[in-house]
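Each value in this text was obtained by applying a stated rule to the coordinates, not by laboratory testing. In this text, all values refer to a predicted model and were calculated from it rather than measured experimentally. Please note: Cβ atoms are built from the backbone with ideal geometry, for glycine as well, and neighbour counts cover all protein chains shown.
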């Protein structure tokens, strides 16, 4: 377990459904930077797949994820973040938790709809595209987010080769910008916290990091607006 933040603050459990601990650590740092007045506790699903790159990985990750969701709820979580852009297991997690559960994909779609009339998602691999399209449609954001494209890079490479990942994401964004006239991009992977700042700076794009979006929604929840 990793913990960051203020004592006696709202306790947000950030759960990574894959077993790659460095991704949890990087997401935790991004969440804490986005909402420093909250306490973030990071958990890694040791029994999940090493990465989630399609429906088979997603299905395999759900049973151990839900065990952690139940544990976080029992521990008194004020909110839970599912740190996978596919919003893996989100519906079932909401059913068993006694607190708000936010998917980082879900959070970023809400944020994008407020920031721009049209946005696009850039994800990692092609297998993720139909999953994300279905999620976007189910949440009612299909008109706001009409484009979902893969950068054709593995999730793990966002951690091991950030320069290559940045180049791939930038190239995909430039193509979407030319063809769809969209300048606001949602980075469709929790691991994209590694490139989000450079993506915005080098490409001149508006970038939405989903972990940041989820953390800031937790802050809004904490004010009980």
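What the table shows:
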read-out: Beta bridge orientation in the chain: antiparallel %, DSSP, nearest 5; value: 10 percent
read-out: Percent RCO, i.e. relative contact order, over the range 128-183, from Cα pairs under 8 Å lying at least 6 residues apart; value: 26 percent
read-out: Protection proxy ranking of 190-201, 206-217, 32-43 - average other beta-carbon atoms within 10 Å, highest first; value: 206-217, 190-201, 32-43
read-out: The chain - percent relative contact order, Cα under 8 Å, separation 6 or more; value: 21 percent
read-out: C-alpha long axis of helix 210-222 to longest principal axis of the chain, angle in °; value: 40 degrees
read-out: Helix-only CD estimate at 222 nm, as mean residue ellipticity for the chain, using -39500 (n - 2.57) per DSSP H run (n ≥ 4); value: -14500 deg cm²/dmol
read-out: The chain: angle of helix 162-180 to the longest principal axis, Cα-based, in degrees nearest 10; value: 60 degrees
read-out: Label-point separation, residue 198 to residue 95 (7 Å along Cα→Cβ), nm; value: 4.2 nm
read-out: Alpha-carbon centroids, the range 63-90 and the range 163-220: separation in whole Å; value: 25 Å
read-out: The chain: angle of helix 104-115 to the longest principal axis, Cα-based, in degrees nearest 10; value: 60 degrees
read-out: Shape category assigned to the range 133-190 from the gyration tensor of Cα positions, a/c cut at 1.5; value: oblate
read-out: Rounded, prolate or oblate (a/c below 1.5 giving rounded, otherwise prolate when a/b exceeds b/c) for the range 2-103 by Cα gyration tensor; value: oblate
read-out: Whole-number percent relative contact order across the range 42-157, with pairs defined as alpha carbons under 8 Å at least 6 apart; value: 24 percent
read-out: Answer label, with Kirkwood radius over Cα pairs in Å calculated from the coordinates and candidates (i) 17.8; (ii) 17.1; (iii) 19.2; value: (ii)
read-out: Candidates 22, 182, 62: whichever shows maximal mean-square fluctuation once the chain is modelled as a Gaussian network with Cα springs under 10 Å; value: 22
read-out: FRET E, pair residue 71, residue 167, Förster distance 41 Å, beta-carbon r, rounded to 0.05; value: 0.55
